[in-house]
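One structure is given here, and the rest of the page talks about it.
Bear in mind that the values in this text are calculations on the coordinates, not laboratory data. No experiment lies behind these values; they were computed from the predicted model shown. When we count neighbours, we look across all protein chains shown, and the Cβ atoms used for this are built from the backbone with ideal geometry, even at glycine.
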Amino acid sequence: MGNVPVLSDAQLEQVSRLLGDCSTGTDITRVLNSLRLEDVSGENTKWKRLYGTFLHYQRQDRAASKLIDYIRAALDPAGYVGRADEFEAVRQQLNAVLAFAGLQYGEDGKFVRVAAAQTIGEAHQRAKTLEGKFQGRRIHPEVKKYCKAELLQENYFHAVFEASKGLAQRIRELSGADGDGAALVDKVFSIERPMLAINTLQTETERSEHKGFASLLKGCFAAVRNPLAHEPKLLWKGEDDAADYLSLISLLHRRLDDCAKTGLGRQS
């Protein structure tokens, strides 16, 4: 791509952090070697290796050409066959940063120039449409933590998808368990040996409430996350669905806020 812009230090850092999060150290070395780029950072941390290297070559080239080459190689769509959701999540997060430099990484693995966002306020303005749909409903911080970039891009389809993945991650972090989806919920909220409990489980009413919450979590994964992973984006209904789904996920996070770790169960 001709006329490659120069990215600010802050933009380079953000892109480096995103790329570091989705790569292993071996992956980074392999891609750099394939592009005949030298790791001149002197760092061990993944994102710092990338940041130091990109900064060096950008100063040398007076353009972010090497960064563009790296993204093309590391995020080649052909390498994400069967993992389209992962590719799209990373792509959207990158674009939330690259928009300020007037760049966009497409689904086809190609870069195009777009009108650059001029201010942070302009970027945040993109999220206000969805905020208005909440109509006073509180959205839990853990929801925005996992889908902030998608909301800024008005990418409601993947905002809900990322928020649902964040819900599973929160359960793993609180419980120390592994797994995903319904299997994770069954392990963590087992009525016999729960790893997390939403109440004391001393009465039949409390046990029913606990089981109901577990069913609601599994229902969320079945009704929200799994269809989003497989249905065409073309069928997505947009802002209204997103507001409702994110409100549901927020409710589940608020209940998780009050969960207690029991010390029971067995990690595997």
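Quick look at the numbers
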quantity	calculated
Above-threshold pairs, the threshold being 30 Å between Cα atoms, out of 46/144; 46/187; 46/261; 110/218; 145/218; 48/261	46/187; 46/261; 110/218; 48/261
Dipole magnitude of the stretch 9-113 about its Cα centre (Cβ charges: Lys, Arg +1; Asp, Glu -1), debye to nearest 20	280
Förster radius 22 Å - calculated FRET efficiency between residue 33 and residue 78, Cβ distance, rounded to 0.05	0.70
Label-point separation, residue 86 to residue 172 (7 Å along Cα→Cβ), nm	1.2
Peptide ranges 28-40, 56-68, 87-99 listed from the most packed, as the mean C-beta count within 10 angstrom indicates	87-99, 56-68, 28-40
Separation in nanometres of the label points that stand 7 Å from Cα toward Cβ, at residue 43 and residue 115	3.4
Nitroxide proxy distance, nm - points 7 Å out along Cα→Cβ at residue 215 and residue 251	1.4
Karplus 3J(HN,Hα) series, Hz, for the stretch 74-87 with 6.51 cos²θ - 1.76 cosθ + 1.60 (x for Gly, Pro)	6, 10, 4, x, 4, x, 10, 4, x, 9, 4, 5, 5, 4
In Hz, Karplus ³J(HN,Hα) per residue of the stretch 7-18 (6.51, -1.76, 1.60; θ = phi - 60°; x = Gly, Pro)	8, 5, 4, 5, 5, 4, 5, 4, 5, 5, 5, 5
